[in-house]
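Below is one structure, written out as structure tokens; the observations come after it.
The values are calculated or read from the model by the stated rules, or taken from the named source; none is laboratory data. Predicted model only: the values in this text are computed from it and were never measured. Ideal geometry is used to build each Cβ from the backbone, glycine not excepted, and the neighbour counts take in all protein chains shown.
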Ligand SMILES: N[C@@H](CCC(=O)N[C@@H](CS)C(=O)NCC(=O)O)C(=O)O
């Protein structure tokens, strides 16, 4: 089984299924495609017909798109409990993941990770959000507060135990950290800041982040 990924310094979409497969204990080979290069499109096209990473090659079939890979993992690793067990929490978790996947366009564009914004480092100056970005950040903060308040008491993650929702929001936490977003100024009572801290201190994320730093030549050179 092969997971086709973009560089760990930049590819927030690739981070999602990578975190999920790690949580499942899945054995998989990583195939890294460098983004922002003249041959990126050609390299991705060798694996993924839609021209985007991530993609999963398994049993002779390509599963593309981070959400489709998440759902594939849910099917194949039921023991990993990738969604909350409580049905109400599960419905809300799936809604949050779908909203992350289909909305927040300004957040993804204005807080984009390439080419001068690697997710594993913090930039020197805080980004001043546009009005549209502020609206996205406020929505994110409110969504997290609601989910955490109603369903998140049993553990440090959004729905207590780790779930696919946390895989989808880890890149958001990395964007907020990189661009030094002031969450309190967007209605956070501390819940969102603490949630970001938890996501960014997961051992799997730290491993990803270390690899990103190595790609950038910022670590591992002795
Ligand atoms: N909907 C896709 C979006 C994937 C996506 O936009 N991937 C970016 C990299 S993070 C990509 O492949 N870009 C192609 C390029 O840079 O040429 C998913 O969630 O998997």
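Observations on the structure shown:
- Top-ranked residue of the stretch 39-55 - restricted to ones that are in contact (Cβ under 8 Å) with a residue 24 or more places away in the chain and assigned to a loop (DSSP other than H, G, I, E, B), ranked as farthest from the chain's Cα centre (by Cα): 47
- Scan of the stretch 24-37 for residues that are in contact (Cβ under 8 Å) with a residue 12 or more places away in the chain and either surrounded by fewer than 14 Cβ atoms within 10 Å (Cβ to Cβ) or farther than 17 Å from residue 63 by Cβ (or both), ordered by number: 25, 27, 29, 30, 32, 34, 35, 36
Condition check ((1) modelled with pLDDT under 95; (2) over 18 Å from the mean Cα position of the chain (by Cα); (3) assigned to a loop (DSSP other than H, G, I, E, B); (4) within 11 Å of the ligand (Cβ to nearest atom)) across all residues:
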{"site": "5", "(1), (2), (3), (4)": "no, no, no, yes"}
{"site": "10", "(1), (2), (3), (4)": "no, no, yes, yes"}
{"site": "17", "(1), (2), (3), (4)": "no, no, no, yes"}
{"site": "23", "(1), (2), (3), (4)": "no, no, no, no"}
{"site": "32", "(1), (2), (3), (4)": "no, no, no, no"}
{"site": "57", "(1), (2), (3), (4)": "no, yes, no, no"}
{"site": "67", "(1), (2), (3), (4)": "no, no, no, yes"}
{"site": "70", "(1), (2), (3), (4)": "no, no, no, yes"}
{"site": "79", "(1), (2), (3), (4)": "no, yes, no, no"}
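- Any hit, the stretch 75-82, residues being touching a strand residue (DSSP E or B) at 6+ places or on another chain (Cβ under 7 Å) and at negative phi: no
- Residues that are more than 24 Å from residue 92 (Cβ to Cβ) and either assigned by TED's automatic domain parsing to the domain that holds residue 8 or part of a helix (DSSP H, G or I) (or both) do occur in the stretch 122-131, at least one of them.
- Qualifying residue in the stretch 88-97 (condition: surrounded by 20 or more Cβ atoms within 10 Å (Cβ to Cβ), at pLDDT 95 or above and in contact with a strand residue (DSSP E or B) (Cβ under 7 Å, 6 or more places away or on another chain)): yes
- Residue check for residue 49: outside the structural domain of residue 163 (by TED's automatic domain parsing) and more than 11 Å from the ligand (Cβ to nearest atom): yes
- Members of the stretch 148-173 found to be farther than 23 Å from residue 73 by Cα and within 19 Å of the chain's Cα centre (by Cα), listed by number: 148
- Cβ pairs under 6 Å, 6+ apart, first in the stretch 109-130 and in contact (Cβ under 8 Å) with a residue 40 or more places away in the chain, second loosely packed, with under 12 Cβ neighbours inside 10 Å and part of a loop (DSSP other than H, G, I, E, B): 114/36; 115/36
- Count of residues meeting criterion [closer than 20 Å to residue 112 by Cα and either surrounded by fewer than 18 Cβ atoms within 10 Å (Cβ to Cβ) or modelled with pLDDT under 95 (or both)] in the stretch 181-192: 1
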